[in-house]
Amino acid sequence: MNRRNFIHKTATSALGLMGVNCLSPLGWQALGQAPDIKITKIETVRFSKDLKVAGSGVQWMWVRLHTNLGIVGTGETYPFNEASAAVFKDLEWHSWAGKLIGTNPLEIEQTWERIYRQNAYHVTGGAEMRALSAINIAQWDILGQVSKLPIYQLLGGSKDKKIRVYNTYTDSRNINGWKLESDMEKIARFLVDQGITAIKYCPFDVIGNRNKGEYISKKEIEQALTWIKRVQDSVGFDLEIGCEFHSIWNLPSAIRIAKALEPYNVMFLEDMLLQDNMQAYVTLNQETSIPLVVSERLATRFGFREMFEAKAAEIAMYDLTWCGGISEGKKISDMANTYYIPTMMHTAGGPLLWYASTHLAAAVTNLYYVESVYPYWKERDPFFFSNSPQVINGTVTPPDLPGLGLQFQPGLFERKDVIVETIAGS
């Protein structure tokens, strides 16, 4: 018996004693050999406009990568689903389907680089970046299922990490039908009783949308500040406050608002300006002591590099279904860490974004908060999954199952309002 056969036989025997099937993906991994796995089919999953879950429509799309081993990885992006789905349907020589069918889904970095370079050559962003984000998440889901490990462990994370969440609240994302204008105190007390220690909402958006972000008067500022005062009068600092601005404002108005908020010790100011001019953010940052958050509207580590180098913000926030997927989210967090900047994750999208964010949050070491939306994880997501991550006493943990750990509700893909379309392969 030669040395190679001896090592193989010895390793096989050892794995057998461990209860590992050597023909399984984990057995091959333990022997130092990856399985011969290929993408054989690409599907998109969209949802009928008539489907209403927990009072709201479904605005996300899933991408499912089928393999010759029967393993299926699922990714997600949103919104503008028709545009994102169309990316896969391009049948020209550079089609995305042609770059995926027959490839090894475990080659996550190579796939990302190949598709990103094609996008960048033809102006990167938009639907292409959203689609690439969904592909990347699906590939990580496959890798976890092949290795029989949850994604957070593949990333070096810990299931024991306490992942803090804040709750985003708008009148369209409400609890018990409570409205911000009339029920601020009820909302604040409810969140504190749930163990959630922070809220994010948008007290200046009504004024900003009315004035097109062009100006804000002292009277209007005082009107918006009453929302801050009511929370603090109700629960004090048991519930910290972050303010979202949806990039509505011009620079002078943003400076005026930031200065007015300083006496209230709010946690952060998110996306006061559009993300295209970091020097404007540098100016704003120099005018306020409140940490600035920028921005789920940036994509890839290349987009965040300018922000970090310019010292334009104190907190980096990204959306895994927009920024390039789990791979890019990890790289953005690691890059931020070299500047001692914490990161947050935007999750006000679909349920897979919530799953993926909990996995990555368990692995990064410079986490500030993960966004959560109470009616999403509590009421909406269980319609699709039997194990949607739940917030308990203000923290959340990812599923301790292979890959993303998705447990689809039985019969979900057979529903008439769930539209499954094969894009390529069979």
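The values are calculated or read from the model by the stated rules, or taken from the named source; none is laboratory data. Small disclaimer: the values here were computed from a predicted structure and weren't measured. For neighbour counting, all protein chains shown are included, and Cβ atoms are generated from backbone atoms with ideal geometry for every residue, glycine included.
Brief remarks follow.
- Checking the stated criteria, Lys229 turns out not to satisfy the condition of being part of a loop (DSSP other than H, G, I, E, B) and among the charged types (D, E, K, R).
- Residue match in region 234-249 (condition: part of a strand (DSSP E or B) and free of Cβ contacts under 8 Å to residues at least 60 places away in the same chain): yes
- Test: residue in region 162-174 that is free of Cβ contacts under 8 Å to residues at least 12 places away in the same chain and either assigned by TED's automatic domain parsing to the domain that holds Asp381 or farther than 30 Å from Val206 by Cα (or both): yes
- Within region 309-322, one or more residues are of a type in the set (S, T, N, Q) and under 27 Å from Glu107 (Cα atoms).
- Failed item in (1) in a helix (DSSP H, G or I); (2) at pLDDT below 95; (3) of a type in the set (Gly, Ala, Ser), with Ala138 passing the rest: (2)
- Conditions (1) over 28 Å from Ile241 (Cα atoms); (2) outside any loop (DSSP other than H, G, I, E, B); (3) outside the structural domain of Glu43 (by TED's automatic domain parsing); number of the one not met by Val370: (1)
- Considering only residues in region 147-184 that are small (Gly, Ala, Ser) and assigned to a loop (DSSP other than H, G, I, E, B), the one that is nearest to the chain's Cα centre (by Cα) turns out to be Gly157.
- Residue that is touching a Lys or Arg at 6+ places or on another chain (Cβ under 6 Å) and either outside the structural domain of Thr103 (by TED's automatic domain parsing) or at positive phi (or both), where the choices are Ala54, Ala34: Ala54
- Residues satisfying the stated conditions in region 117-137, i.e. crowded, with 20+ Cβ neighbours inside 10 Å and in contact (Cβ under 8 Å) with a residue 60 or more places away in the chain: Met129, Arg130, Ala131, Leu132, Ser133, Ala134, Ile135, Asn136, Ile137
- Of all the listed residues (Ile216, Ile199), the sole one being farther than 28 Å from Gly394 by Cβ and crowded, with 16+ Cβ neighbours inside 10 Å is Ile216.
- Per-region count, region 336-361, residues in contact (Cβ under 8 Å) with a residue 40 or more places away in the chain and part of a loop (DSSP other than H, G, I, E, B): 4
- Flag for Gly324 being modelled with pLDDT of 95 or more, outside any helix (DSSP H, G or I), among the small types (Gly, Ala, Ser) and not assigned by TED's automatic domain parsing to the domain that holds Thr124: yes
- Of all residues in region 329-363, those that are surrounded by 24 or more Cβ atoms within 10 Å (Cβ to Cβ) and touching a Lys or Arg at 6+ places or on another chain (Cβ under 8 Å) total 5.
Yes/no matrix, rows are residues, columns are (1) within 17 Å of Cys202 (Cβ to Cβ); (2) surrounded by fewer than 16 Cβ atoms within 10 Å (Cβ to Cβ):
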site: Val231; (1), (2): yes, no
site: Glu244; (1), (2): yes, no
site: Leu269; (1), (2): yes, no
site: Ser289; (1), (2): no, yes
site: Arg297; (1), (2): yes, no
site: Met317; (1), (2): yes, no
site: Thr321; (1), (2): no, no
site: Ser327; (1), (2): no, no
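- Any hit, region 108-120, residues being small (Gly, Ala, Ser) and either touching a helix residue (DSSP H, G or I) at 6+ places or on another chain (Cβ under 8 Å) or at pLDDT 90 or above (or both): no
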